[in-house]
Structures are given as C-alpha cells and as structure tokens.
Amino acid sequence: MNREPLQHVLGTAPFRHVTLRVGPDALVPRPETELLAEWALELMPPTVASPLVIDVGTGTGCIACAIAWERPGARVIALETSPRAAAMARDNVAALGLAGRVTVEVSDLFGALGTIRADIVVSNPPYLPTELIPTLSPEVSRHDPRIAMDGGPEGLTVIRRIVAEAPAWLVPGGALLLETFGGEQARTVADLMRGRGFEAVETRRDLAGVERFLGGRRA
Ligand SMILES: C[S@@+](CC[C@H](N)C(=O)[O-])C[C@H]1O[C@@H](n2cnc3c(N)ncnc32)[C@H](O)[C@@H]1O
C-alpha cells in the first residue's frame, strides 16, 4: 500500500550469482545492470592472475561483488560517495566472504584513489535527467536514493566527469564500461568517449533491446 519496493520489504535482492542485502540507503540492483557486469567479466584480461577493476558508484556493491564472485583472483575497488551506501556495500562484501579482494572507499568518483591503474573501470552512474524523476513510479521516485538517480539537467553531469577522469586510472588498452539512460543519451556518451580518446567505442543493448551500455578502450 505504501508502494514500497518488494526488495525493501524482503531486505534482499538477487544479482547474477549473489544475493545482496538491500534497503533505502542504496539503489535496488536492476536486472539490466547484470549485463554490464557480464560485459566487464568478458573483458577481464584472461592471462592476468589478479586483474584490477574499479567500480564507480557501487551502491549495494552489486557489480563489484558479482565480478569478484565470478572471477576468482580479481580485485575490485568499489567507490561510493554516500557513506550509508558504502556501509551497505561493505556489509555485502563481508557477507559474501569477498573482503580480501573487494575494498569499498567513500569517495567522490576517483578522488580517494592513490596511484593505481585498473584493467577495467565500470560504472552504473546516476544518469536520469532531473526533471524525469517525479514522473517515475513511487517505488523508485520515493524509495531509491535521489543521489543514485539524479544525473542533472540532461542526466550527464556525473557521466561527463567519469569519461573525463577514467583514462588517468586505466592501463593502456583498459576498458571503460558505462550504463546510460539509452537512446539519445547513449549516442551522446559515445561521442564524449571518442572525444576523450577512447577507441573501439561500442554500444550494447539491455534486456528490452534498448542501446544502453557503452564500452571503449583507453588508447
Ligand atoms: C545508479 S546508482 C548504481 C548503484 C550500483 N552500482 C548498481 O548498479 O545498482 C549510482 C551510484 O553512484 C553513487 N554516486 C553518485 N555520485 C557519485 C560520485 N560523485 N562519486 C561516487 N559515487 C557517486 C550513488 O550514491 C549511487 O550509489
């Protein structure tokens, strides 16, 4: 009756092969994001024993945990600006026994990182245009954290920063993978990535056939 999401009532949500604790402090993981994690797993360098992944805006930690769970040896640094979401991600990492390989840092994008280079930067950032948020179903607009959804006037505020900053944190040839709102926004993000020197920029479709995911490699 309160239009509370079922996942909040249950307190858990499945994501690929793991089950995560969820709640009002972090976005409920969405099924389409499972495809973003799958793409990251596909691009993990096969000959590197401990590839390094940076997950920007980790929320519940779903992408970071799924990658570490499915690729033994992978290390993930999960970055999150919301201390409450970061605490939830840390709980999920610990509950899944992944604390040795997944670290969660409270950070504005890459700000908390030292001098490291990752094989992959992956992010499902806030990408909704601000004016769209009140039009969403109450399960989303009232119950998901606003900071997890609100991407500014065109939905591109955080994405622009990630595309600009990611090359500094990637090895040459390393991949940046992003989830977007799709459609026009996806085409704009492809142009932004090419403009920042990313090569082999391509889009992938989500489960509904929307061109939603962007990937490219640092030159
Ligand atoms: C769309 S949610 C995605 C959460 C999770 N990765 C997922 O796929 O379910 C975006 C996340 O980015 C975080 N975020 C927003 N701005 C950020 C910033 N400047 N630096 C780091 N994280 C940020 C939000 O708090 C939120 O957890």
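The values are calculated or read from the model by the stated rules, or taken from the named source; none is laboratory data. Every value quoted in this text rests on a predicted model; they were computed, and no experiment measured them. Cβ placement follows ideal geometry from the backbone for every residue including glycine, while neighbour counts extend to all protein chains displayed. Each accessible area value is taken on the protein alone, full model and side chains, heavy atoms only, with ligands, DNA and RNA left out. Shrake-Rupley method; radii C 1.70, N 1.55, O 1.52, S 1.80 Å.
Counting only protein heavy atoms and a 1.4 Å probe, tell me what percentage of the range 41-88's accessible area is made up of carbon and sulfur. Display every interim value, and only then the final one.
On the way: 1020 of 1660 Å².
The computed percentage sits at 61.
Can you give the charge dipole size of the range 6-217 about its Cα centre, rounded to the nearest 20 debye, using +1 on the beta carbon of Lys and Arg and -1 on the beta carbon of Asp and Glu?
Values: 20 positive and 25 negative charges, 75 e Å.
That gives a dipole near 360 debye.
With the crude spin-label approximation of a point 7 Å out along Cα→Cβ, what separation in nm comes out for SER137 versus ALA87?
So the two model labels end up 2.9 nm from each other.
For the range 102-118, what does the Karplus curve 6.51 cos²θ - 1.76 cosθ + 1.60, with θ = phi - 60°, yield as ³J(HN,Hα) per residue in whole Hz, taken in order and with x for Gly and Pro?
Rounded to whole hertz, the list is 10, 10, 10, 10, 6, 7, 7, 6, 8, x, 8, 7, x, 8, 9, 10, 9.
Averaged per residue, what accessible surface does the chain expose to a 1.4 Å probe, in Å²? Numbers along the way, then the final one.
Numbers: 9810 Å² over 219 residues.
Result: 45 Å² of accessible area for each residue.
Give me P(r) over the range 41-102, computed from all C-alpha to C-alpha distances, binned every 10 Å, as integer percentages.
26, 55, 18, 2
Can you compute the helix-only [θ] at 222 nm over the chain? Use -39500 (n - 2.57) per DSSP H run of at least 4 residues, normalise by all residues, nearest 500 deg cm²/dmol. Don't skip to the answer; put the middle values down first.
Numbers: 8 runs with 69 residues, N = 219.
Calculated mean residue ellipticity at 222 nm is -8500 deg cm²/dmol.
If you wrap a convex hull around the Cα atoms of the range 116-219, how much volume per residue is inside, in Å³? Mind showing how you got there, number by number?
Values: hull volume 10.5 nm³, N = 104.
Given the Cα convex hull of the range 116-219, per-residue volume reads 101 Å³.
Of the candidates ILE54, ILE147, ILE120, which one comes out as most mobile in a Gaussian network treatment of the chain with C-alpha springs shorter than 10 Å?
ILE147
As a test question: what accessible area, to the nearest 10 Å², does ASP108 have when a 1.4 Å probe is rolled over all protein chains in place?
Here the residue's solvent-accessible area equals roughly 90 Å².
Would you calculate the separation in nanometres between label points at GLU199 and VAL9, each defined as 7 Å from the Cα along the Cα-to-beta-carbon direction?
Those two pseudo-labels are separated by 5.2 nm.
Enter the per residue convex hull volume of the chain, computed from alpha-carbon coordinates, in Å³ rounded to the nearest integer. Each step should come with its number before you reach the end.
Details: hull volume 24.2 nm³, N = 219.
Residue-normalised Cα hull volume stands at 111 Å³.
Of the residues LEU156, LEU132, LEU98, which exhibits the maximal mean-square fluctuation in a Gaussian network model of the chain defined by a 10 Å Cα contact cut-off?
Checking each option, the largest mean-square fluctuation is seen for LEU132.
Take the Cβ-Cβ distance between GLU70 and LEU113 as r, set R0 to 41 Å, and report the resulting FRET efficiency rounded to the nearest 0.05.
Details: r = 24 Å, r/R0 = 0.58.
With a Förster radius of 41 Å, E is 0.95.
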